[in-house]
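Here's the structure, in structure tokens; my notes come after.
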Amino acid sequence: MARSILSTQSKIPKNVFFYAFNRLLNTAASSSAAAFTSAASTPPPHLNLAVSPAAPTVDFSDTKALFGSLSTLEVLHAAASLHVAAVGPVVDVGMWVMNSKLMDVELARDVIFGTVRHSFYRHFCAGEDDTAVGKTVRRLHNVGLRSMLDYAIEYANDEESCDRNLHGFLRTIEATRALPRGSASFVVAKVSAICPLRLLERVSDLLRWQQKDPCLNLPWKLKTFPILSESSPLYHTLQQPNPLTNEEQKSLQISHQRLMKICQSCVDANVPLAIDAEHTKIQPAIDYFTYSAAIIHNKDHNPIVYGTLQAYLKDAKDRLLLVTKEANEMRVPLGIKLVRGAYMSSESKLASSLGFESPIHNSIHDTHACYNSCASFLLDNIATGSSGAILATHNVESGKLAAKKAYEIGIEKLKKKLEFAQLYGMSEALSYGLRNAGFQVSKYMPFGAVDMVMPYLLRRAEENRGLLSASNLDRQLMRKELGRRMKEYLRGERRAF
């Protein structure tokens, strides 16, 4: 694996590189080798985030500044993991294995999980328990990055599972109290983990039908922001659904109480809650839960509850404008996490199977334009009000555009209410580049037992295969950094003679 990554270092003879690499792994006494392998022990200069750079600079030219906090083995492991994840057949084989009967054989399952644990899980996940997660959070905090803690559970089908998941979220929030102040920027939750999936589908159907027929009475509905717009696709609900039964209304109330417990725990721990977006089939219900909770808990210019907007949806900007207008009229601080989206292939396939146009933008360029427009709007909204925004992006140009706009507005006006974010294990160069430019940057960090996190890993592998194969900036810069360290090592060796 290392051989395929490092063979592209054309300026360093292959035999020299592997001679030096093998020697430094086996010889800790050499001072130059120690300098090569112990980059993590010498953190980058302290970043004074209270003082912003004079110019909007998101710089990728200095790989030492970007990756100086990582050891050589960490850079090698990251580069190798990204390289393998970018190979389409590897993803296909992984998907096949995880869905095959091999998973029913205990020995085979143990081998598969063991392989995943020491490869992709290690790269893309924060750990299996509180202790491991705490170490990861502190390590990132030491190099100027924050953490969005995602207890990676989703899709509960019964009340017992929902209660069990609730306790997992509450434990996660409680664990933030023992972490360094400010190191945990957000706790992440999915509504599908605390409300039965079938109920979310039923509530979403009723909300969509009410969009078609505003006279429809929903007696259980709490005060909320607009859920849908005139441009929102309604093909999931083609006929009027039956009202919720008494049992369903009771379950809805219990699910809402679970979310209220999570929100109150976040208030008590002084850590905001980011609620993830999910499939459009259940997204109306998720937005209903999110916005009704935000109205209750977002007070005093301080958003505690953040909803998520998926910019790859054609109606994203329309819904953002409607929600913002309503929040402003109600004087409720609005928190929005802006993402491109993580269910593109499944959304398009479902729409096509029903005979409808995909809700996803027709081209990647349209998605980029929507994301950048929404990000610009959110930045203006932060500067003129009490709202907050998480700009979650792996796209370098979107990151640069948002950073430039932030400087034009005045970064000090945005600093406490603006967070950039990338997935843990991805877009490292963008994360460190934005950090070096003076912004708050978080890594979105899923954690939990390997078997529990597998659905997340599989979905990320499936949805991000295009991103990982098309965008090789991290791999290029990591190879450049490895080359820089090797040259530095060789200079040290020559001086030793």
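Structural remarks
- Projecting the Cα atoms of 173, 194, 215 onto the charge dipole of the range 162-220 (Cβ charges, centred on the Cα centre) puts 173 farthest toward the positive pole.
- Computed over the range 124-212, relative contact order equals 35 percent, with contacts defined as Cα pairs under 8 Å that lie 6+ residues apart.
- Rounded FRET efficiency, nearest 0.05, which uses the C-beta distance separating residue 158 from residue 221 and R0 of 25 Å: 0.55
- Centroid-to-centroid separation of the range 296-336 and the range 167-220 [C-alpha atoms, Å]: 15 Å
- Rg over Rh, two decimals, the range 359-467 (C-alpha only, Kirkwood Rh): 1.00
- Here is the tail figure for the range 109-259: Cα pairs spaced more than 19 Å apart come to 65 percent of all pairs.
- Binned Cα-Cα distances of the range 210-317, short to long, each 5 Å bin given as a whole percent: 2, 10, 19, 23, 20, 15, 8, 3, 1
- Spacing of the two label points (7 Å from each Cα toward its C-beta) at residue 301 and residue 93, in nm: 5.7 nm
- The calculated P(r) of the range 388-438, using every Cα pair and 5 Å bins from 0, goes 5, 21, 35, 26, 11, 3, 0 in percent.
- Tensor-based shape of the range 77-187 (alpha-carbon gyration tensor, a/c under 1.5 rounded, otherwise prolate or oblate): oblate
- Multiplying the residue separation of residue 397 and residue 109 by 0.36 nm and subtracting their alpha-carbon distance yields 99.6 nm.
- Inter-probe distance in nm under a simple model that places probes 7 Å from Cα toward Cβ, at residue 354 and residue 449: 3.5 nm
- Relative packing of 406-414, 330-338, which averages over residues the other C-beta atoms within 10 Å, highest first: 330-338, 406-414
- On the basis of the beta-carbon distance and an R0 of 25 Å, residue 213 and residue 318 show a calculated FRET efficiency of 0.80.
- Using distinct alpha-carbon pairs, which all enter the 1/r mean, Kirkwood radius of the range 322-370 in Å: 13.2 Å
- Straight-line cross-link reach from residue 223 at under 16 Å between alpha-carbon atoms covers these aspartates and glutamates, not counting any fewer than eight positions away in the same chain: 287, 326, 329.
- With the convex hull constructed from alpha-carbon coordinates only, the range 240-285 shows a mean projected area of 4.1 nm² over all directions.
- For the range 346-429: relative contact order, % (alpha-carbon pairs under 8 angstrom, 6 or more apart): 27 percent
- Basic side chains Lys and Arg get +1 at the Cβ, acidic Asp and Glu get -1 at the Cβ, and with that the dipole of the range 64-220 about its Cα centre reaches some 740 debye.
- Sorting the segments 444-454, 285-295 by their mean number of nearby beta carbons within 10 angstrom, highest to lowest, gives 285-295, 444-454.
- Solution diffusion estimate, µm²/s, Stokes-Einstein, the range 113-170, Kirkwood Rh from C-alpha pairs, 37 °C, viscosity 0.692 mPa s: 249 µm²/s
- The range 207-326, relative contact order [Cα under 8 Å, separation at least 6], %: 34 percent
- Cross-link reach list, aspartates and glutamates versus residue 250, counting only Cα pairs under 14 Å and skipping chain neighbours closer than eight places: 158, 159
Only the coordinates and a few stated rules stand behind these numbers; no lab work does. Predicted, not measured: the structure shown is a model, and the values here were computed from it. All Cβ positions, glycine included, derive from the backbone under ideal geometry; neighbour counts span all protein chains shown.
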